Amino acid sequence: MRLLLVEDEDAIRSALDRALRRWGHEVMAAADLATAKALAAERPPDGVISDLKLPDGSGLDGVRLWGVPFILMSGFASFDDAVEALRLGCVDFLTKPVAMQTLQASIGRLGDRCRDWDLCLISLEGGGSSLIRPVPEGFDEQQIAVESLEWTHPEEAYRLFEEIGSQLEGKRERQLLAELMQALPSGRVVVNAAAGWWRAWLAGTVDWQADDGARDRRAVIADLADRIVERDGGMAVECVRTRVGS
Amino acid sequence: MNDEATTTIARWQGDMLWPVPIAEGAVIDMSAVEALGSWVYAWLRNRPRQAVVGAAPELRRQLQRAGLPLLWYGSLAEVQLAAVGVTPSERAMLWE
């Protein structure tokens, strides 16, 4: 994986840089947010490992900007920071000093997340109806439930929503699905409910500027989701299943 | 909206994620609302200064974030007290 390492303490950055390279990763190391932004703009990373408190900002700012799986490290983590990191889909929130073994395990999870996300996009761009094709090596299919919902009338969409909605655990997921399904009068949503994650693909282009209703819906979806990727032909929405306050 | 309607309370309830017929009233009691979809925003936006009571903090945050022109009250008693001074219709006139 190509990892962006952001750490202002020279000794820690060097040690982590060496360890990451030893574990077979390509590393782009930065001592501050500005350098990290420049490096990421040049070559987008697969994942980020960042200190929370940086000389020119917060690691969370970078995370919001880059939108890739990330690990945060901090010696002064507050509860609010941890909650915000979780809300943004942080793979791990590590307290410094970080044991190398712990970091290695976290990077393993980061890699899973990266592969998962790539897989999602590859499948979607291919126009497939499932998010789990092709099935990667070592992938436990039993842990994933995929539902493809297609409708041609709003009434049909509602019936389908009622069917699958009852299987969703949280209010947040249920509302997100409802908003997505109402964004298009006819269309397709693919829901992939993995352990701890929930992801949907809204096939079809939505004109969010069309009217206030569409803009309202866009705002709600953006608020409920941790990550939205809009591409030709549709939109992918991802959120962590459990969120404080949901 | 006339002043007689100040006593009308519409009690919304349940999972309002999909469009349903909306009960109208001088006051909307949202204490039994589980979740509210964005489809209802246009309806609320067309009723500026609509009085609302009982919304859970999460729901209130959602509606405030949407910038809807609602009047928030802690309880029905508060609405009635407010009505003694300036009625909703009078208040609406002030803003016209």
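The values are calculated or read from the model by the stated rules, or taken from the named source; none is laboratory data. Values in this document were obtained by computation on a predicted structure and should not be read as measured data. All Cβ positions, glycine included, derive from the backbone under ideal geometry; neighbour counts span all protein chains shown. With ligands, DNA and RNA removed, areas are computed over all heavy atoms of the protein, side chains included. Shrake-Rupley method; radii C 1.70, N 1.55, O 1.52, S 1.80 Å.
Points to keep in mind about this one:
- Shielding by other protein chains, A:212-218, mean Cβ within 10 Å: 4
- Each label point was placed 7 Å from the Cα along the Cα-to-Cβ direction; for B:GLU58 and A:MET100 their separation is 4.4 nm.
- When chains A and B come together, the accessible area they lose, probed at 1.4 Å and totalled over both chains, is close to 1400 Å².
- Here's how it looks for B:ALA51: its modeled amide H is under 5 Å from those of B:ILE28, B:LEU71, which are all 5 or more places away or on a different chain.
- Computed label-point distance, nm, for sites A:ASP32 and B:ILE22 using a 7 Å Cα→Cβ extension: 5.0
- Per-residue mean of C-beta atoms belonging to partner chains within 10 Å, peptide B:56-66: 2
- Database remark: amide H of A:ASP56 closer than 5 angstrom to the amide H of A:LEU33 (H placed geometrically; neighbours at sequence offset of 5 or more, or on other chains; Pro and chain starts carry no H).
- Look at the stretch B:34-45: the mean tally of other chain Cβ atoms within 10 Å of its residues' Cβ atoms is 5.
- Considering the stretch A:2-118, its Cα convex hull presents a mean projected area of 6.4 nm².
- If you plug the beta carbon distance of A:SER14 and B:THR8 into 1/(1 + (r/R0)^6) with R0 = 56 Å, you get a FRET efficiency near 0.20.
- Computed 3J(HN,Hα) for the stretch A:150-159, one whole-Hz value per residue from the Karplus formula 6.51 cos²θ - 1.76 cosθ + 1.60 where θ = phi - 60°, is 10, 8, 10, 9, x, 5, 5, 4, 5, 4, glycine and proline marked x.
- 28 Å Cα-Cα reach of A:LYS37 towards lysines, excluding residues that sit fewer than 8 places from it in its own chain: A:LYS53, A:LYS96
- Between A:THR205 and A:GLU155, the contour length at 0.36 nm per residue exceeds the alpha carbon distance by 16.0 nm.
- Shown in residue order for the stretch A:15-28 are the 3J(HN,Hα) couplings computed by the Karplus curve 6.51 cos²θ - 1.76 cosθ + 1.60 at θ = phi - 60°: 5, 5, 4, 4, 4, 4, 5, 4, 7, x, 9, 8, 10, 10 Hz (x for Gly and Pro).
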